Amino acid sequence: MTGQQYIRLSESHGQSISPALSNRDVDLREYLRGLRFTELPIEIVEKARFCLIDLIATSVAGSDTPLAAIITQYAQDFHGMVRSTAACQPLLGGPRMSAVGAALVGGMIIDSVDSHDGHSLTKGHVGCAVLPALVAVLESRPGQFSGADFMALLVAGYEIGTRAGIALHASAAEYHSSGAWNAITCAALTAHLLDLDDDPFRHALGIAEYHGPRSQLMRDVDYPTMVKDGSGWGAMAGVSAGYLAAKGFTGAPAVSVVSDQLDSIWADLGSRWRILEQYAKPYPVCRWAHPAIDAVIELRAAHEFRTEDVDEIVVHTFHEATRLFQGVPETTDQAQYATAFPTAVAVLHGAVLPEHISDAALGNKAARDMTGRIRFIEDPVFSRLFPERRFARTEIRLRDGQVLNSSPREPRGNPGDPLSQDELIDKFLRYTARYWSEDKSRTCLNLLLRFGENGTQVADLLNVLRK
């Protein structure tokens with residue numbers, strides 16, 4: 001079944017629905033209890049480790065953005081420690097706060113550099129919320145937690161989260177941010193770690209679905225700001241839901257989990273590995289801009305033209321990509337949710353790196369001039385293929401009259417065209433090198449490459465990340 005074939009439960013906000021309900025939420029509880037990392041196929045183990053490596057790289061790259069400073073101070077002020085909760089820190093360290101605050105900070109910082117993995121049918125990102133929520137709740141609990149148990153829950157988060165995203169898109173009329181459905185995922189993980197019984201587990205999922213940030217993603221595409229993909233708020237809502245349910249707060253059901261009309265999405269949990277369907281990003285900008293970037297890099301390598309010889313670049317792509325910001329960005333948030341500027345960077349450098357889209361880089365005259373020579377046109381064929389597939393075709397028109405045409409391109413890093421492990425390792429080292437010593441980057445990478453093996457502990461990873 002494709003994303004466009006899923007049955008919608010509601011086509012308008014005014015239409016009420018009363019779907020038949022299943023016990024799928026309790027199935028999730030048993031799934032979480034039964035998953036063992038040591039019993040997973042090696043391809044799942046390796047994929048999970050590289051998802052973790054990529055998320056940490058992105059978090060480090062996002063740690064000095066203006067967004068990171070604001071959200072950390074906010075959480076310290078308003079989610080700081082109270083005597084009834086255990087102290088923890090955000091993923092990379094910092095002021096001590098509640099698990100709710102730490103989940104918020106971690107998710108927002110990863111989201112502040114748009115380079116984390118994603119899934120085409122969710123039109124969003126699982127790990128961005130799951131990793132910081134999982135770390136926050138674990139750290140707030142007493143005792144040690146093994147790397148293997150942690151990795152099993154990370155895998156479970158990807159499996160539950162991907163399905164939650166597909167289910168919400170199938171059952172809600174608007175296109176909501178990742179935080180909307182990741183709230184459910186983080187609630188499931190929190191409720192599991194709190195060892196809630198069946199009824200409070202159900203209520204945790206329902207509270208998260210109801211209170212999750214159903215933010216209008218296309219509004220931020222049209223007007224890019226720090227709200228991004230809502231992942232930090234989703235992590236916070238999900239962790240909060242678990243703690244509320246533990247206190248007796250009610251909120252069941254989570255309709256996007258238990259509706260019988262969505263059974264086809266959830267029925268293969270445990271038999272189909274959705275984590276293998278996650279893409280990895282070679283560039284720290286919205287995935288919708290990647291096909292154009294790849295097409296430009298293809299032409300740049302094939303023809304070796306001089307940038308000063310470029311008269312105009314025309315990109316034919318799908319509708320959603322044409323909605324991304326096409327002007328000259330004034331903030332990194334605009335640059336990350338842009339098409340023309342990162343494409344211009346690719347023309348100039350043959351790559352797009354975090355330093356190219358940071359606030360400090362946006363005054364680059366060559367990049368700004370090139371941005372003004374790029375325009376985007378919707379291709380109706382490409383639009384019909386979205387979201388399962390994202391295409392762009394690029395024409396580079398030179399001043400001497402030549403027109404260089406790319407093939408229709410899909411973005412690199414998809415499951416059918418994955419980034420190699422060497423590329424992901426290189427990305428980790430590049431993204432962390434600006435903030436860490438080489439020794440720290442290598443030490444962390446070596447631990448991550450074997451994380452989940454016997455003897456690895458979550459505390460060991462946090463010690464490396466925060467020292």
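Has the range 24-47 got any residue that is farther than 25 Å from P387 by Cβ, modelled with pLDDT under 90 and among the hydrophobic types (A, V, I, L, M, F, W, C)? Yes. I293 falls short of the stated requirement of being buried (at least 22 other Cβ atoms within 10 Å of the Cβ) and in contact with a Cys (Cβ under 8 Å, 6 or more places away or on another chain). Can you find, within the range 174-193, the residue that is nearest to A245 (Cα to Cα) among those that are in a helix (DSSP H, G or I) and small (G, A, S)? Only one residue fits best here, namely A191.
Of all residues in the range 303-349, those being more than 23 Å from the chain's Cα centre (by Cα) and of a type in the set (F, W, Y) number 1.
Of all residues in the range 370-410 being among the polar types (S, T, N, Q) and within 17 Å of V310 (Cβ to Cβ), which is surrounded by the most Cβ atoms within 10 Å (Cβ to Cβ)?
From the range 370-410, those among the polar types (S, T, N, Q) are 371, 383, 394, 402, 405-407; that's our starting set.
Adding the requirement that they be within 17 Å of V310 (Cβ to Cβ) leaves 371, 394, 402, 405-406.
Numbers: T371: 24, T394: 27, Q402: 12, N405: 12, S406: 21.
Per the criteria, the residue is T394.
When H319, H303, H290 are screened for being touching a helix residue (DSSP H, G or I) at 6+ places or on another chain (Cβ under 6 Å) and under 22 Å from N405 (Cβ atoms), only H319 passes. Taken residue by residue, the range 59-67 has at least one member that is surrounded by fewer than 21 Cβ atoms within 10 Å (Cβ to Cβ) and out of contact with any helix residue (DSSP H, G or I) (no Cβ under 6 Å at 6 or more places or on another chain). Number of residues in the range 129-167 that are in contact with a strand residue (DSSP E or B) (Cβ under 9 Å, 6 or more places away or on another chain), within 25 Å of R466 (Cα to Cα) and of a type in the set (G, A, S) equals 4.
Please find, among D199, D195, the residue that is in the same structural domain as G157 (by TED's automatic domain parsing) and on the phi > 0 side of the Ramachandran plot. Let's see the steps before the verdict.
Working: D199 fails: on the phi > 0 side of the Ramachandran plot.
Result of the check over D199, D195: D195.
The values are calculated or read from the model by the stated rules, or taken from the named source; none is laboratory data. All of these numbers come straight from a predicted model, not from anything done at the bench. All Cβ positions, glycine included, derive from the backbone under ideal geometry; neighbour counts span all protein chains shown.
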